[in-house]
Structures are given as C-alpha cells and as structure tokens.
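Can you read through this structure? Questions will come right after.
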Amino acid sequence: MKDKKIKTHVLWVSPRFPHDHPRKGEATYFVEKILMCINNYTEVIVNLHEDSQFVIHDSKIHTCRENYEEWKRKIDEVNRGEAILSLRMWSASPYNRLHDGSHPVEIARFDKDSGIGVQKLNLSDTMIHGALKNNDVALTYSNGNGGLSLSTIAHNDGLSLPDFKAWFRKADLSKPIAIIHFTKFRY
C-alpha cells in the first residue's frame, strides 16, 4: 500500500518590518522569538556585532494573519496528519533572488504532534481603528471568550501595541483574523 503524500503549507515570517510600516527595515526578531517559544527558552541573546549584543526576554507564541477560513483549513489538515506547516523566512529581500541572492530558509516544521492550533479573532473596524487612537480595547472571540486586551494579543504576537496596530491598519477587519499558535497555548 502506497503512503499518502503529506502536503506542505508555508507560513512566512518577516525578519524585518515591511516597507509600509513606520519601522520599515528594522529587525522584528520574530524568528528568535518564535524559536524561543517552541524551544522553551527563557531568553535569547542576539549578537548585533562582534562587541554588541542584547537579550530578548519575550517570545512570540503566535502569529495573527488575515484569511481565517484558509488558515483554519490548513491547520486542521496539519492536526489530522495530512500536512505539515513549514515556517519560513527569506534570507534577504523577499522574492529577490536575482538582486541579492535571496532564498527561502525553513525555521521550523509543525506536525500533528506539535500542538499548533488556530483561533478566530474578530476585530471590528471600530475596535481596531479606535485602538489606533486610544491605548487599548477589549476584544471578543467568536467562541464567546471576552475581556482580552489588544495589548495582550500584541505582546504574545511579539510586537508592541503601536507596532501591532500599524501592522494591521490596512487589514480587512470585516473578516475574522487567524491567531496561529505555535504551542498548545490557547486563549
């Protein structure tokens, strides 16, 4: 009997803030924060130069993405053992092999035993755009849990609240956002 081929779904992680973010080009440290999370490290030392380094204490336990339905389908396939999720980044500029030799680099793989999961996050335009002007807002999940602040989501996503707001300022908030968890943690 022939083994069924396992699909590979790719989740891209940006090592730098995108061109339309106020911090464009700066390091996000997402890769280090995710590896810290999935390897249960309490801190990671980042070497900037030979004589310059700093310590990261906060991990990135999940990532938030548009297109909840599609991500739910993919994560469900992973959890049923029909697929794996390959976490990847570009070695330099995205899709720019000819210019700078950039190529995809796999950071981690998640399978049915990894604990990966997805939750639905409903952010109304009023909530997120209000949050752009105010300090924080309470969010409501489709599963009925409430009272979770946007700053908590941002922190667990590896971002400050202002960076999180800027990242999602152009998102279509009429549709649910996927929170893709890298561990068994759930809200």
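Do any strands (runs of 3 or more DSSP E) lying entirely in region 120-187 carry at least 3 residues that are buried (at least 18 other Cβ atoms within 10 Å of the Cβ) and either under 20 Å from the mean Cα position of the chain (by Cα) or modelled with pLDDT of 85 or more (or both), and which ones are they?
177-181
What's the number of the only condition in (1) surrounded by 17 or more Cβ atoms within 10 Å (Cβ to Cβ); (2) over 17 Å from Arg109 (Cβ atoms) that Glu26 fails to meet?
The single condition Glu26 does not satisfy is (1).
The values are calculated or read from the model by the stated rules, or taken from the named source; none is laboratory data. Nothing here was measured: the structure is a model prediction, and the numbers come from that model. With ideal geometry, Cβ positions are generated from the backbone for all residues, glycine too; neighbour counts draw on all protein chains shown.
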